1. Checking Asp3 against (1) modelled with pLDDT of 95 or more; (2) outside any helix (DSSP H, G or I), which single condition isn't satisfied?
2. How about the range 51-63: which of its residues are buried (at least 19 other Cβ atoms within 10 Å of the Cβ) and either of a type in the set (D, E, K, R) or more than 11 Å from the chain's Cα centre (by Cα) (or both)?
3. For the range 64-79, how many residues meet the condition of being over 19 Å from Gly16 (Cβ atoms), of a type in the set (A, V, I, L, M, F, W, C), crowded, with 19+ Cβ neighbours inside 10 Å and under 9 Å from the mean Cα position of the chain (by Cα)?
4. Limited to the range 49-69, what total is found for residues that are assigned to a helix (DSSP H, G or I) and in contact with a Phe, Trp or Tyr (Cβ under 8 Å, 6 or more places away or on another chain)?
5. Please state which one of Ala75, Ala64, Ala81 is more than 25 Å from Leu107 (Cβ to Cβ) and hydrophobic (A, V, I, L, M, F, W, C).
6. Mind counting the residues in the range 9-18 that are in a helix (DSSP H, G or I) and surrounded by 14 or more Cβ atoms within 10 Å (Cβ to Cβ)?
7. Answer yes if at least one residue in the range 100-108 is basic (Lys, Arg) and either at pLDDT 95 or above or in contact with a Ser or Thr (Cβ under 7 Å, 6 or more places away or on another chain) (or both), and no otherwise.
8. Between Leu26, Leu21, Leu37, Leu93, which is in contact (Cβ under 8 Å) with a residue 40 or more places away in the chain, at negative phi, over 10 Å from the mean Cα position of the chain (by Cα) and assigned to a helix (DSSP H, G or I)?
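The values are calculated or read from the model by the stated rules, or taken from the named source; none is laboratory data. Quick caveat: nothing in here was measured; it's all calculated off a predicted structure. Virtual Cβ from ideal backbone geometry, glycine too; neighbours counted across all protein chains shown.
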Amino acid sequence: MVDLQWKRDFALEQAGEDEELLTELLALLCESSSGDLAKMKAGQEKGDAKLMGEVAHSIKGAAASLGVEALRDVAYGIEKAGRDNDLGAASSLVPALERLIGALSTLK
């Protein structure tokens, strides 16, 4: 199982202690991150590290807002590699990002 390093208490606080809202926010994170992953892979195929970094920035922010630390950290790595225009470094983190996004659905 993938360790998302989720800070549930922080996420619940961000949702105003509303469990239903937290569930909705997690579903939105899962959906938006999946869409962003597809954009990132398209950037990867085009050899566009900067695009990959821009997409990772979006994932990083969303993950941080809900305390999903592992996802935030990997997205930050891709964002930084994108800023450095390092396609190899950005690409090397995509499999980990994909695993973490896949594991989002386990959060409750």
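1. That leaves (1) as the condition not met.
2. Of everything in the range 51-63, those that are buried (at least 19 other Cβ atoms within 10 Å of the Cβ) and either of a type in the set (D, E, K, R) or more than 11 Å from the chain's Cα centre (by Cα) (or both) turn out to be Met52, Gly53, Lys60.
3. Adding up the residues that qualify gives 3.
4. Summing the residues that are assigned to a helix (DSSP H, G or I) and in contact with a Phe, Trp or Tyr (Cβ under 8 Å, 6 or more places away or on another chain) in the range 49-69 gives 3.
5. Every option except Ala81 fails the conditions.
6. 4
7. no
8. Leu26
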